[in-house]
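Note sheet for the following structure.
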Amino acid sequence: MITNLNETVEVFSSQIKDKFADYSSLYNYFCMFINENYTDKDGDLQEFFTRNLCRRDIINSCVYYMEESNASSVSAIEKYLNSITKLYNEYIKPLGWSSAGLDPILPFSTCKGEVREKINKSLREKRKFLALKEEEYINLIEYLGKFQKKTYVGKQIS
C-alpha cells in the first residue's frame, strides 16, 4: 500500500500546474505519516482511502508535517491542508475512492484550529499590513507623481 501511495501521490504531484505552489514536499510528509502510523503496509490503497483515512489522520498528518519540517507559520498549516484537499478532490475522488468520513469536512482547512491546538511549537502569525493614513497616502502619491514621465502634446503649425 505504501509503495502505491507514494506512486499515486507522485503522479498527482507531477500533474499539478500551479505556478504558485510546490506540493510535492507536502505530499511526501503525508506519505511518511501514513507509513509510520499504519501497520497494514500491503493493504489495498482504495480500501485505505475509502475506509481507513479519517479526519484524525488529516489533522495528525498536518501536525506531523509542522513538527518534522522547518515550517513554523499559520500559513504553512493552511498550505498543507489545502494541498491535501487538492489531492483528495482532484485525484482520489475522481477515482471513486471518496470517504463518507472526509467529504463532510471539506475543505480540510476547516481543521486548522484543531491542528494549532496540537502543535508543540509557537507559530508565526500572518503578517498584517497596516493601512496608510490619509496624509501619508497624499504624500506618497505626490512623491510618486514626480517620477511620472511628462507628456507633451504636439501642436500643428499651419
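The values are calculated or read from the model by the stated rules, or taken from the named source; none is laboratory data. All of these numbers come straight from a predicted model, not from anything done at the bench. Every residue, glycine as well, gets a Cβ built from its backbone with ideal geometry; the counts of neighbours run over all protein chains shown. Ligands, DNA and RNA are excluded from the accessible area calculation, which covers all protein heavy atoms including side chains. Shrake-Rupley method; radii C 1.70, N 1.55, O 1.52, S 1.80 Å.
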Next on the checklist: Calculate the FRET efficiency for ASP103 and ASN139 from the Cβ-Cβ distance with a Förster distance of 35 Å, rounded to the nearest 0.05.
Outcome noted: 0.10
Checklist entry - What accessible area per residue, rounded to a whole number of Å², is obtained for segment 1-98 using a probe radius of 1.4 Å? => result 51 Å²
Checklist entry - Using modelled backbone amide H atoms (1.01 Å from N, in-plane), which distant-in-sequence or interchain residues come within less than 5 Å of SER73's amide H? => result ARG124
Checklist entry - Under a point spin-label approximation (7 Å from Cα along Cα-to-Cβ), what is the ARG51-ASN37 distance to one decimal in nm? => result 2.0 nm
Checklist outcome for this item: Cα gyration tensor of segment 40-150 diagonalised, 5x eigenvalues square-rooted, in angstrom largest first, produces semi-axes 43, 18, 12
Item to check | Proximal aspartates and glutamates relative to LYS112, as straight alpha-carbon distance under 19 Å, when same-chain residues fewer than 8 apart are discounted | outcome: ASP57, GLU67, GLU68, GLU78, ASP103, GLU125
Next on the checklist: Using 0.36 nm times the number of residues separating ASP22 and ASP44, minus their current alpha carbon distance, what extension gain do you get?
Outcome noted: 5.2 nm
Checklist outcome for this item: Ranking PRO107, TYR80, ALA131 by how far each Cα lies towards the positive end of the charge dipole of the chain (+1 on Lys and Arg Cβ, -1 on Asp and Glu Cβ), the top one is ALA131
Checklist entry - In whole Hz, what ³J(HN,Hα) sequence does segment 40-55 give by Karplus (6.51, -1.76, 1.60; θ = phi - 60°), x for Gly and Pro? => result 7, 6, 9, x, 7, 5, 4, 5, 4, 5, 7, 10, 9, 5, 9, 3
Checklist entry - What's the carbon and sulfur percent of the chain's accessible surface, probe 1.4 angstrom, rounded to a whole number? => result 48 percent
